1. In the range 93-127, what count of residues is obtained for those that are assigned to a helix (DSSP H, G or I), small (Gly, Ala, Ser) and touching a helix residue (DSSP H, G or I) at 6+ places or on another chain (Cβ under 7 Å)?
2. Looking only at the range 220-239, decide whether some residue is over 21 Å from the mean Cα position of the chain (by Cα) and part of a loop (DSSP other than H, G, I, E, B).
3. Pull up the range 199-216, narrow it to residues that are assigned to a loop (DSSP other than H, G, I, E, B) and either outside the structural domain of ARG66 (by TED's automatic domain parsing) or surrounded by 23 or more Cβ atoms within 10 Å (Cβ to Cβ) (or both), then point me to the one that is nearest to the chain's Cα centre (by Cα).
4. Just checking, how many residues over the range 279-312 are surrounded by 12 or more Cβ atoms within 10 Å (Cβ to Cβ), part of a helix (DSSP H, G or I) and among the charged types (D, E, K, R)?
5. Of the residues that make up the range 113-131, is at least one farther than 11 Å from GLU73 by Cα, in contact (Cβ under 8 Å) with a residue 60 or more places away in the chain and not acidic (Asp, Glu)?
6. When residues of the range 131-142 are filtered for being under 16 Å from GLN190 (Cα atoms) and either at pLDDT below 95 or part of a loop (DSSP other than H, G, I, E, B) (or both), how many remain?
7. Of everything in the range 143-198 that's among the charged types (D, E, K, R) and in a loop (DSSP other than H, G, I, E, B), which residue is surrounded by the fewest Cβ atoms within 10 Å (Cβ to Cβ)?
Amino acid sequence: MQITLAPMEGVVDHLMREMLTEIGGYDLCITEFIRIVDQKLPPRVFTRLCPELLQDGKTLAGTPVRVQLLGQEPNWLAENAERAIALGSPGVDLNFGCPAKAVNKSRGGAVLLQDTEQLYKIVSAVRSAVPKNFPVSAKIRLGYENTDLAISNAMAIAEAGASSLAIHARTKTDGYRPPAYWPWIAKIKQHVSIPLIANGEIWNAAQAALCQQQSDCQDLMLGRGALAMPNLAQHIKQGQAPLPWSEVLRLLMHYSEFEIAGDKGKYYANRVKQWFSYLKLQYPAASEMFAQLRLLTKNKDILELLQKGVRANM
């Protein structure tokens with residue numbers, strides 16, 4: 001079983017990748033997307049979102065980190081994919097799954113699932129630009145408004161030369177509402193020969209096993225579930241118990257130390273609240289603390305609340 005840490009815009013930044021891969025169980029990380037429009041971006045754009053490029057394309061724990069690109073123009077995506085590889089990315093990932101309205105309005109992400117031919121052109125152009133020994137992966141949803149093109153889209157991506165395909169088992173219209181339709185991945189698997197990775201609504205080991213059974217896929221991609229249970233990958237692979245709340249609090253303090261530094265401090269309050277919105281799904285104590293946290297706006301007040309929680313759980 002291979003487990004990939006999913007990209008989550010504005011949440012799974014390089015610090016989160018460092019922390020979660022240090023806990024263990026992940027075989028690959030995908031970065032937040034780099035938006036490609038009509039130019040070859042300078043190296044600093046890549047290293048800002050993926051500082052792991054400066055350390056051999058891996059987290060400090062040794063987990064490979066693959067740069068993700070999002071856009072609609074095949075040639076510009078190809079040129080930027082080539083640059084990502086030159087800068088040290090151990091492959092390139094293409095985003096055809098983002099449901100954000102702003103992204104879809106500019107013909108990026110999931111909106112491209114309505115245009116099978118364009119999916120083929122993009123993957124083909126990127127595959128031609130990237131040396132054959134580097135993987136070109138992609139992520140899709142089952143469709144935009146419906147699943148009518150699910151099989152056709154997957155076949156086009158495979159025929160264009162993709163190395164693997166992660167499938168979030170919901171449409172863009174479904175958003176993140178349960179359930180995830182894992183049996184659809186098994187249907188798609190009957191039509192493509194490249195490796196598939198199942199994604200969506202995996203919160204614990206039992207759901208991971210059910211997903212594997214229904215999707216006919218061994219390999220998984222974890223997103224929101226990894227934030228709700230920081231050791232979810234090891235919980236699935238090794239049967240570890242969920243990380244104790246006291247350890248999660250220490251992890252939050254470690255996260256806070258780095259997130260408050262420099263310009264990133266402007267986003268700290270929102271980011272820690274967003275993380276808590278997932279943690280409270282797994283930890284009752286997080287739900288209690290979130291009731292207080294959501295009213296706070298100043299970084300120092302949030303830190304004081306976390307420190308109080310650490311002391312109470314010592």
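The values are calculated or read from the model by the stated rules, or taken from the named source; none is laboratory data. From a predicted model like this one, the values you see are computed outputs, not experimental measurements. Neighbour counts run over all protein chains shown; Cβ positions are idealised from the backbone, glycine included.
1. 3
2. Yes, because at least one residue in the range 220-239 is over 21 Å from the mean Cα position of the chain (by Cα) and part of a loop (DSSP other than H, G, I, E, B).
3. The qualifying residue nearest to the chain's Cα centre (by Cα) is GLY200.
4. Here the count works out to 4.
5. Initial filter on the range 113-131 (farther than 11 Å from GLU73 by Cα): 113-117, 120, 124, 127-131.
When the remaining residues are screened for being in contact (Cβ under 8 Å) with a residue 60 or more places away in the chain, the result is none.
No, that holds for no residue.
6. In the first step, residues of the range 131-142 are kept if they are under 16 Å from GLN190 (Cα atoms); the result is 142.
Imposing the further condition that a residue be either at pLDDT below 95 or part of a loop (DSSP other than H, G, I, E, B) (or both) reduces the set to none.
Selection size over the range 131-142: 0.
7. ARG177
Conditions tested, residue by residue: (1) surrounded by 16 or more Cβ atoms within 10 Å (Cβ to Cβ); (2) in contact with a Lys or Arg (Cβ under 8 Å, 6 or more places away or on another chain); (3) not hydroxyl-bearing (Ser, Thr, Tyr).
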residue: PRO64; (1), (2), (3): yes, yes, yes
residue: LEU77; (1), (2), (3): yes, no, yes
residue: GLU82; (1), (2), (3): yes, no, yes
residue: SER106; (1), (2), (3): no, no, no
